[in-house]
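The values are calculated or read from the model by the stated rules, or taken from the named source; none is laboratory data. Worth saying up front: this structure is predicted, and the values here are computed from it rather than measured. Cβ sites come from the backbone with ideal geometry, for glycine too, and all protein chains shown count toward neighbours.
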Amino acid sequence: MDERTNERVEAIARLYPHVVTEVDDGAGGVRRAIDFDLLRHELSDVAVDGPRERYRLEWPGKRAAASSAKTEPTTRLREAAQGAESGPSTDNAIIAGDNLEALKLLRHTHAGAVKLIYIDPPYNTRNDFVYHDDFSIGVRAFREHAADDETDAGGRLHSDWLSMMYPRLLLARDLLTDDGVGFVSIDGNELAQLKLLLAEVFGARNVFATLVWVSNLKGRQISDGGPAGTHEYIVCFARDADAVARFRGSASAFHELMPAVYRSPGYAVKHDDRGPYVTKNELYNTNSRFNERTAPTMVFRIHYHPGTGEVRVTDIDDDTAFDGFVTAMPHTNHRDDVRWHAWRWSRGRILAEHHDLEFDTAGDTLRIRTKVRDIDGMTMKDVIMGPSTLTGQRDLDELGMHRLFDNPKPVSLLRTLIAVTTSGDDLVLDFFAGSGTTGQAVMEQNAADGGRRRFLLVQLDAPVPPHSAAASAGFATLVDVTVERMRRAGERIRARSTPGEACPVDTGFRLLHLAPAG
């Protein structure tokens with residue numbers, strides 16, 4: 001029993017200890033198991049089974065796809081004899097092979113260890129490749145089959161795509177940390193199906209945002225019908241959305257990358273004995289519904305001594321004057337039935353944290369504003385406009401790898417997602433690694449902020465298409481391109497480090513292949 005399954009058994013045992021039993025493990029011992037008959041009896045009032053209608057996502061092949069995630073791997077990871085990039089005890093790795101099998105192996109070694117998953121799966125257009133699992137078929141094979149029996153190819157293509165994604169997401173769920181986050185790039189063709197699928201795997205409340213990435217502002221002028229498409233989507237999911245922090249990043253970095261979406265911060269930076277800060281909002285609550293009737297404990301007088309910095313508070317009806325102090329009254333409320341606006345901070349907080357308030361005195365008038373210490377901090381918006389599909393191609397061009405991969409995602413796009421969700425030595429996983437944008441983005445973000453993030457990439461070792469630019473450049477397999485990109489990206493980062501000093505960024509990686517077990 002793997003670690004995550006054991007955790008689920010433990011959770012059920014805490015709620016219904018009598019449904020936990022023991023069964024023969026087939027090796028002369030016993031193992032814990034759940035008596036589903038007893039559990040069903042406990043939940044009989046809310047259980048749904050049989051032909052009773054219920055809301056859920058169904059497609060042909062779903063049950064087989066789910067079962068495939070539960071089978072044990074038939075391979076093991078074997079270190080490549082050559083191809084890896086040496087580094088001092090590197091924690092980065094590239095796995096060459098089918099990602100379904102790789103995820104099964106990672107379930108045993110990396111359960112609960114991945115902070116961020118980013119994937120850019122096949123978009124399921126007519127020309128996209130669908131992974132050849134034993135319960136799905138390639139697009140070309142399906143289209144031929146569909147033409148033969150005059151069925152709706154679109155529906156079957158959706159089913160194949162869902163069957164390909166379902167087991168991989170089930171396995172990916174077990175790899176996320178409790179506060180882990182995932183991003184899936186997708187276009188409109190499978191957006192609806194993807195969100196329903198993620199809701200089934202992670203729970204609807206944990207599919208918590210959809211980012212709009214304007215990837216081609218001029219529009220795709222060769223679109224079949226309707227408007228020219230300008231954007232794609234990045235769907236955000238989590239193991240537990242309540243544990244996910246806000247996507248905080250640098251306001252100046254956001255503005256530099258996406259000036260059309262983020263204005264220049266433009267705040268006047270001030271300093272006190274605790275460091276730099278900016279002031280934004282006054283302390284009073286601008287909402288007139290919060291007043292002496294609805295929030296009586298938040299309506300009071302504040303007294304400030306400009307010479308000593310001392311702060312006192314008194315009741316709103318207490319007109320005591322303190323020598324040398326200036327008094328701030330709550331703002332007047334223009335509603336007919338009340339007099340005052342409430343403050344945003346309580347008495348206790350004002351007395352304890354008045355160092356984070358700015359008191360502006362002009363004669364007998366006192367205005368109070370809150371100080372913001374995170375002077376460049378900002379929550380990321382759900383629109384990304386700046387990095388484009390052309391940017392992603394230029395990233396490859398800069399490494400001397402022109403047109404070796406179609407439609408690579410921009411490094412700056414991935415760096416933005418990585419920066420707002422990870423820090424320290426967090427592990428980033430991409431199991432549809434493609435050209436390796438995610439790995440390069442991890443290394444570059446580490447170089448920018450001093451992080452020690454690690455990347456784990458999984459890429460097919462299928463042959464490159466014949467007569468392609470990659471084939472002409474001498475690459476034999478898709479993963480060969482990924483490996484070479486990581487090598488060149490690492491070389492560029494090392495070249496930019498301080499001369500005479502060791503590069504602080506881990507630019508090495510292990511190269512692992514899937515080999516038959518045993």
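Is there a residue being more than 20 Å from residue 361 (Cα to Cα), assigned by TED's automatic domain parsing to the domain that holds residue 349 and out of contact with any Lys or Arg (no Cβ under 6 Å at 6 or more places or on another chain) anywhere in the stretch 299-311? Scanning the stretch 299-311 turns up at least one residue that is more than 20 Å from residue 361 (Cα to Cα), assigned by TED's automatic domain parsing to the domain that holds residue 349 and out of contact with any Lys or Arg (no Cβ under 6 Å at 6 or more places or on another chain).
Of all residues in the stretch 372-388, those that are closer than 16 Å to residue 233 by Cα and surrounded by fewer than 16 Cβ atoms within 10 Å (Cβ to Cβ) total 3.
Scanning the stretch 57-72 for residues that are closer than 22 Å to residue 180 by Cβ and surrounded by fewer than 19 Cβ atoms within 10 Å (Cβ to Cβ) gives 66, 70.
Among the residues of the stretch 187-201, is there at least one that is assigned to a strand (DSSP E or B) and either crowded, with 20+ Cβ neighbours inside 10 Å or not acidic (Asp, Glu) (or both)? No, that holds for no residue. For the stretch 422-518, list the helices (runs of 4 or more DSSP H) that sit wholly inside it and hold at least 3 residues that are over 26 Å from the mean Cα position of the chain (by Cα); which are they? Helices (runs of 4 or more DSSP H) meeting the threshold: 469-472, 478-496. Only one entry in 45, 91 is assigned to a loop (DSSP other than H, G, I, E, B) and out of contact with any strand residue (DSSP E or B) (no Cβ under 9 Å at 6 or more places or on another chain), namely 45. Considering only the stretch 322-345, I want to know if a residue exists there that is modelled with pLDDT of 95 or more, surrounded by 12 or more Cβ atoms within 10 Å (Cβ to Cβ), part of a helix (DSSP H, G or I) and in the same structural domain as residue 275 (by TED's automatic domain parsing). Looking through the stretch 322-345, none of the residues is modelled with pLDDT of 95 or more, surrounded by 12 or more Cβ atoms within 10 Å (Cβ to Cβ), part of a helix (DSSP H, G or I) and in the same structural domain as residue 275 (by TED's automatic domain parsing).
Figure legend. Inter-residue proximity from the stretch 493-512: first residues touching a residue at least 12 places away in the same chain (Cβ under 8 Å), second residues of a type in the set (Val, Ile, Thr) and surrounded by fewer than 20 Cβ atoms within 10 Å (Cβ to Cβ), beta-carbon distance below 6 Å, spacing 6+ or different chains. Indicated pairs: 505/493; 506/90; 507/493; 508/90; 509/90.
Residue 135 meets all of the listed conditions (1) at pLDDT below 95; (2) under 30 Å from residue 416 (Cα atoms); (3) touching a helix residue (DSSP H, G or I) at 6+ places or on another chain (Cβ under 6 Å) but one, namely (2).
Each residue in the stretch 385-413 was checked for being outside any loop (DSSP other than H, G, I, E, B) and on the phi > 0 side of the Ramachandran plot, and 0 pass.
Determine if the stretch 2-14 includes at least one residue that is over 22 Å from residue 99 (Cβ atoms) and touching a residue at least 60 places away in the same chain (Cβ under 8 Å). No - not one qualifying residue is present in the stretch 2-14. One residue stands out among those in the stretch 13-56 that are among the basic types (Lys, Arg) and either surrounded by fewer than 12 Cβ atoms within 10 Å (Cβ to Cβ) or in contact with an Asp or Glu (Cβ under 7 Å, 6 or more places away or on another chain) (or both): the one that is nearest to residue 167 (Cα to Cα), which is 56.
In the stretch 405-424, the residues that are in contact (Cβ under 8 Å) with a residue 24 or more places away in the chain and buried (at least 24 other Cβ atoms within 10 Å of the Cβ) reach residues that are aromatic (Phe, Trp, Tyr) and in a loop (DSSP other than H, G, I, E, B) with C-beta atoms within less than 8 angstrom, at least six apart or across chains, in these pairs: 421/247. Against the definition (in contact with a Leu (Cβ under 6 Å, 6 or more places away or on another chain) and buried (at least 21 other Cβ atoms within 10 Å of the Cβ)), how does residue 439 come out, yes or no? Judged against the criteria, residue 439 is a match.
Residue under question is residue 91, and the condition is that it be touching a Phe, Trp or Tyr at 6+ places or on another chain (Cβ under 8 Å), assigned by TED's automatic domain parsing to the domain that holds residue 504, surrounded by 11 or more Cβ atoms within 10 Å (Cβ to Cβ) and within 30 Å of residue 489 (Cα to Cα); does it hold? No. Look through the stretch 153-203, keep the residues that are out of contact with any Leu (no Cβ under 7 Å at 6 or more places or on another chain) and of a type in the set (Phe, Trp, Tyr), and return whichever of them is modelled with the highest pLDDT. Ranking the qualifying residues of the stretch 153-203, first place goes to 202. Per this entry, residue 267 is not counted among residues that are among the aromatic types (Phe, Trp, Tyr) and surrounded by 15 or more Cβ atoms within 10 Å (Cβ to Cβ). Checking each residue in the stretch 449-469 for being surrounded by 24 or more Cβ atoms within 10 Å (Cβ to Cβ) and not basic (Lys, Arg) picks out 455, 456, 457, 458, 459.
The set of residues in the stretch 1-45 that are under 35 Å from the mean Cα position of the chain (by Cα) and of a type in the set (Val, Ile, Thr) comprises 5, 9, 12, 34. Does the stretch 356-372 include one or more residues that are outside any strand (DSSP E or B), modelled with pLDDT of 95 or more and more than 30 Å from residue 269 (Cβ to Cβ)? The answer is no, given that none of the residues of the stretch 356-372 is outside any strand (DSSP E or B), modelled with pLDDT of 95 or more and more than 30 Å from residue 269 (Cβ to Cβ).
Quick grid of which residues meet (1) assigned to a loop (DSSP other than H, G, I, E, B); (2) over 20 Å from residue 420 (Cβ atoms); (3) at pLDDT 95 or above; (4) not assigned by TED's automatic domain parsing to the domain that holds residue 383:
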position: 218; (1), (2), (3), (4): yes, yes, no, no
position: 221; (1), (2), (3), (4): yes, yes, no, no
position: 228; (1), (2), (3), (4): yes, yes, no, no
position: 234; (1), (2), (3), (4): no, no, yes, no
position: 245; (1), (2), (3), (4): yes, no, no, no
position: 289; (1), (2), (3), (4): yes, yes, yes, yes
